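Below you'll find the structure, written out as structure tokens, and then a few comments.
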2 protein chains.
Amino acid sequence: MNKQWILRKRPEGMPDASTWSLESKPIPEPGEGEVLVQQHYISLDPAMRGWMNDAKSYIPPVELGAVMRAGSVGKVIKSNNHPKLKEGDFVSGWGGVQQYTVTDGENWYPVDPALAPLPMYIGTLGMPGMTAYFGILREGKIKEGDVVLVSGAAGAVGSIVGQIAKIKGCRVVGIAGGAAKCKYVVEELGFDAAIDYKSEDIYDALKRECPKGIDVYFDNVGGEILDAALARLRMRARVVICGAISQYNNRENVRGPKNYLSLLVNRASMKGMIVFDYAADYGKAAQEMGQWLKEGKLKSKEDIYEGIENFPETFTRLFTGEKMGKLVLKVLEE
Amino acid sequence: MNKQWILRKRPEGMPDASTWSLESKPIPEPGEGEVLVQQHYISLDPAMRGWMNDAKSYIPPVELGAVMRAGSVGKVIKSNNHPKLKEGDFVSGWGGVQQYTVTDGENWYPVDPALAPLPMYIGTLGMPGMTAYFGILREGKIKEGDVVLVSGAAGAVGSIVGQIAKIKGCRVVGIAGGAAKCKYVVEELGFDAAIDYKSEDIYDALKRECPKGIDVYFDNVGGEILDAALARLRMRARVVICGAISQYNNRENVRGPKNYLSLLVNRASMKGMIVFDYAADYGKAAQEMGQWLKEGKLKSKEDIYEGIENFPETFTRLFTGEKMGKLVLKVLEE
């Protein structure tokens, strides 16, 4: 059977177990030109929260009654005359929160488990890694000596953003929740400093760690941290808006950045990004990131939970912060 | 005697008569290499409110006990061996809210009353005009067919922004307060449409006037209007932050744009600008704007009040909206 999580309700605030239902369906048969993929790992990302809202956005919302949308990585176990994919191939794509899926292969791409562990293809070598790479290089336009601040610094995107900025010769300050994450980004990932927003006043801490201000702020969180960063921008600073996890369960009452006039005083910019826009260059980015991984310049951490039954409570960890690095759910053994 | 307004207090909220004091001082004597300028017109601008706050900004605040800073235009009536300026020359610069000033001429430039009326040199051919020109062309990056929205549409900056956008082939929608201003921007200035924010729901009106969304929003006001504009951005839209007059008397509790995540969804940017950065190109801009004025493509309107004694209540008109076009105070007869 194919266990799958179906979206049942549009949540107000934080989703819970009643938001989805777990169903068992027969394993589907691939039609002519299609393949059956056995899914091993599901990617859990903050963006999924947005896809559950019935609102105009950069992609249509997940429909009620549909399998919850998610990135995934798995193995082709049956090919019905697919022109490229054959049994035994490993692939990554939009398989959703389920154990099996049938696809014609559009928007799926092959991955090689000999080069990197499978979960890394939905993390550092997948959407989060691509978001970090294009966000900090193309939108942040970092150059050597820049002071780079990144929130969600221990997360799938933030941890890569900071490491790329270090590779490029920036001073990198991370913001994360709790001593363990702060220790991790400094000692394991090589950030210059970390700020624990749960135990420090963020304004004071930024004054201490960025005494001359911030050239690039890569924002994954929004809320008060965005305001504090705006208050310390340098001239012509760039604020990259990648996400706003502090606000996602808070739709009716989103907190706007009251310090936005710092953009005016400092001739600074605030720009939103969606990784899909860079799809044409994913390959090049993956190659460069792969090289950095091989050379040990880039570290990738996946936090893997097991069992498709545990999807709702595992998903919640994105918002409670109880995870380290890329959050992954293993749904079938490799 | 030289009547001048001295800053006495840092206002909380809206300034009033007690914010400044009117003093009479002897007319100063120019030192070696200096000139004495008899001032005719003082420029009243929303930015002056910001200069009164004791806060780090793009220029230092006006000091308590100093003459209130303001742009001005006047005539050189005495030259003490100034290398360039001679008696009878007309000049524009930072003369402050007073009738006479002495200067070495730095940051002053000559103007020609035969080419344009003097007040225009502190309006359309001065800072407000330059702000409009560089803001909409260099920061807004408008192109033919763009939908351009401008707030403060009947004001010194907004009225020029909209007219330049029309010259460049855009659809231009203005936002202004009251039927008279809305009529003015459509019938006199040639905007395609105007929205009266005092009598219409701004969200509904934007839906009607910009059914396909907004490519460039030039913001002079901030607050709810900024939020409404953000909610209707098109893909890759540009929001130019020029000012936030709705928030200037509201420092402790500035309203942040809660719809800022529209920047993310639409890959849009929000960028602040300060006109001083374009100083090197003022001459070129003034030449092009002068040509448009001559050809009747650009209309300039100055709203001139008289009497230096009336500075505080005239200044207040910036915030109550009781003025049309560029607000000017005449302090000495030409």
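The values are calculated or read from the model by the stated rules, or taken from the named source; none is laboratory data. These numbers were taken from a predicted model, which means no experiment stands behind them. In this analysis, Cβ positions are derived from the backbone assuming ideal geometry, glycine residues included, and neighbour counts consider all displayed protein chains. All accessible areas refer to the heavy atoms of the entire protein, side chains included, with ligands and DNA or RNA removed. Shrake-Rupley method; radii C 1.70, N 1.55, O 1.52, S 1.80 Å.
Over the Cα atoms of region A:76-168, how large are the radius of gyration and the largest Cα-Cα distance (Dmax), in Å?
Expressed in Å, the Cα Rg and Dmax of region A:76-168 come to 16.9, 54.
Take peptide A:274-286, look around each residue's Cβ out to 10 angstrom, count Cβ atoms belonging to other protein chains, and average those counts.
The shielding value for this peptide is 1.
Within the protein assembly as shown, what percent of beta bridges assigned by DSSP are antiparallel, to the nearest 5?
55
So if R0 is 41 Å, what FRET efficiency would B:Met1 and A:Asp204 give, r being the distance between their Cβ atoms, rounded to the nearest 0.05?
After rounding, the FRET efficiency stands at 0.20.
To the nearest 10 square angstrom, what accessible area does B:Lys75 show with a 1.4 Å probe?
The accessible area of B:Lys75 comes to roughly 60 Å².
What are the distances, in nm and sorted shortest first, from the label point of B:Leu115 to the label points of the same position in each other copy, with each label point placed 7 Å from Cα along the Cα-to-Cβ direction?
6.2
What is the mean number of Cβ atoms from other protein chains located within 10 Å of the Cβ atom of each residue in peptide A:15-27, rounded to a whole number? Display every interim value, and only then the final one.
Details: counts 0, 0, 0, 0, 0, 0, 0, 0, 0, 0, 0, 0, 0.
Per residue, the number of nearby Cβ atoms from other chains is 0 on average.
Relative to 2.2 N^0.38 Å, what does the C-alpha radius of gyration of region A:1-105 come to as a ratio? Two decimals please.
Cα-based Rg divided by the globular estimate yields 1.13.
How many Cβ atoms of partner chains, on average, are near each residue of B:237-249 if near means within 10 Å of its Cβ?
2
How far is A:Asp104 from itself in the other copies, in nm, if each label sits 7 Å out from Cα along the Cα-Cβ line, shortest first?
Label-point distances to the other copies, shortest first: 7.6 nm.
Cα centroid distance between region B:57-123 and region A:44-89, in Å?
Going from one Cα centre to the other spans 65 Å.
Relative contact order of region B:127-276: what whole-number percent is it, with Cα pairs under 8 angstrom and at least 6 residues apart?
Values: 315 pairs, mean separation 34.2, N = 150.
It comes to 23 percent, rounded to a whole number.
Relative contact order for chain B using alpha-carbon pairs under 8 Å, separation at least 6, rounded to a whole percent?
Values: 744 pairs, mean separation 60.2, N = 334.
Worked out over chain B, it gives 18 percent.
Just to confirm a number: summing +1 for Lys and Arg and -1 for Asp and Glu over residues other than A:Leu329 whose beta-carbon lies under 15 angstrom from that of A:Leu329, what do you get?
Net charge around A:Leu329: -3.
Can you give the calculated 222 nm mean residue ellipticity of the protein assembly as shown, where each DSSP H run of n ≥ 4 adds -39,500 (n - 2.57) and the sum is split over every residue, rounded to the nearest 500 deg cm²/dmol? Working shown, then result.
On the way: 18 runs with 142 residues, N = 668.
Per the formula, -5500 deg cm²/dmol.
Work out how far the C-alpha atoms of region A:127-276 reach from end to end along every principal axis, then list the three figures in whole Å, largest first.
Here the spans come out as 37, 35, 30 Å, largest first.
Based on the Cβ-Cβ distance of A:Asn53 and B:Asp54, what FRET efficiency does E = 1/(1 + (r/R0)^6) give at R0 = 51 Å, to the nearest 0.05?
For A:Asn53 and B:Asp54, the calculated efficiency is 0.75.
Looking at the axis that maps chain B onto chain A, which chain B residue has the closest Cβ, and how far off is it in Å, rounded to a whole number?
Residue and rounded Å distance to the axis: B:Gly256, 2.
In a GNM of chain B with a 10 Å cut-off on Cα contacts, which of B:Gly155, B:Gly88, B:Gly135 has the highest mean-square fluctuation?
Top of the fluctuation ranking is B:Gly88.
What do you get for Rg/Rh over region B:268-334 if you use C-alpha atoms and the Kirkwood form of Rh?
1.07
Once Rh for region B:74-129 is found with the Kirkwood sum over Cα pairs, what is the Stokes-Einstein diffusion coefficient at 20 °C and 1.002 mPa s, in µm²/s?
181
Using 7 Å Cα-to-Cβ label points, what is the B:Ala114/A:Lys294 separation (nm, one decimal)?
7.5
Relative contact order, percent, of region B:54-117 when contacts are C-alpha pairs under 8 Å separated by at least 6 residues?
Contact order relative to length: 28 percent.
Quick one: the Cα spread of the protein assembly as shown along its three principal axes, in angstroms, biggest first?
So the extents along the principal axes, rounded to whole Å, are 94, 51, 39.
Treating only the Cβ of Lys, Arg, Asp and Glu as charged (+1, +1, -1, -1), what charge dipole size does the protein assembly as shown show about its Cα centre? Round to the nearest 20 debye.
Roughly 460 debye, rounded to the nearest 20.
Treating the point 7 Å from Cα along Cα-beta-carbon as the label, what are the nm separations from A:Lys297 to the other copies, to one decimal?
Spelled out, the distances from A:Lys297's label point are 5.0 nm.
With θ taken as phi - 60° and the coefficients 6.51, -1.76 and 1.60, list the Karplus ³J(HN,Hα) couplings across region B:145-156 in order, rounded to whole Hz; mark glycine and proline as x.
Each residue's phi maps through the Karplus curve to give x, 5, 8, 10, 10, 9, 9, x, 5, 9, x, 4 Hz.
Sort chain B into rounded, prolate or oblate with this rule: let a ≥ b ≥ c be the square roots of the eigenvalues of the Cα gyration tensor; rounded if a/c is under 1.5, and if a/c is not under 1.5, prolate when a/b is larger than b/c, oblate otherwise.
The shape class here is prolate.
Can you give me the Cα centroid spacing of region B:251-324 and region A:258-305 in angstrom?
A separation of 35 Å, based on Cα centres.
So what is log10(I(q)/I(0)) for region B:116-170 at q = 0.17, 0.22 1/Å, when the Debye sum runs over its Cα atoms only?
-0.48, -0.76
For an R0 of 56 angstrom, estimate the FRET efficiency from the Cβ-Cβ distance between A:Lys141 and B:Glu187 and round to the nearest 0.05. Don't skip to the end; give the middle numbers.
On the way: r = 44 Å, r/R0 = 0.79.
Step by step, r from the Cβ atoms, then E = 0.80.
What accessible surface, in Å², does a 1.4 Å probe find on B:Leu64, ignoring ligands, DNA and RNA and rounding to the nearest 10?
Near enough 90 Å² of accessible area.
Farthest toward the dipole's positive end in the protein assembly as shown, which of A:Pro312, A:Thr131, B:Ala193, given Cβ charges of +1 (Lys, Arg) and -1 (Asp, Glu) about the Cα centre?
A:Thr131
Which one, B:Ala153, B:Ala66, B:Ala244, has the greatest fluctuation when you compute a Gaussian network model over chain B with C-alpha springs under 10 angstrom?
B:Ala66
If you place +1 on the Cβ of every Lys and Arg, -1 on the Cβ of every Asp and Glu, and leave all else neutral, what size is the dipole of region B:82-156 about its Cα centre, to the nearest 20 Debye?
140
Place a +1 charge on the Cβ of each Lys and Arg in chain A and a -1 charge on the Cβ of each Asp and Glu, then give the dipole magnitude about the Cα centre in debye, rounded to the nearest 20.
1140
How much solvent-accessible surface does A:Val147 expose, in Å² to the nearest 10, with a 1.4 Å probe and all protein chains in place?
Surface open to solvent at A:Val147 totals about 20 Å².
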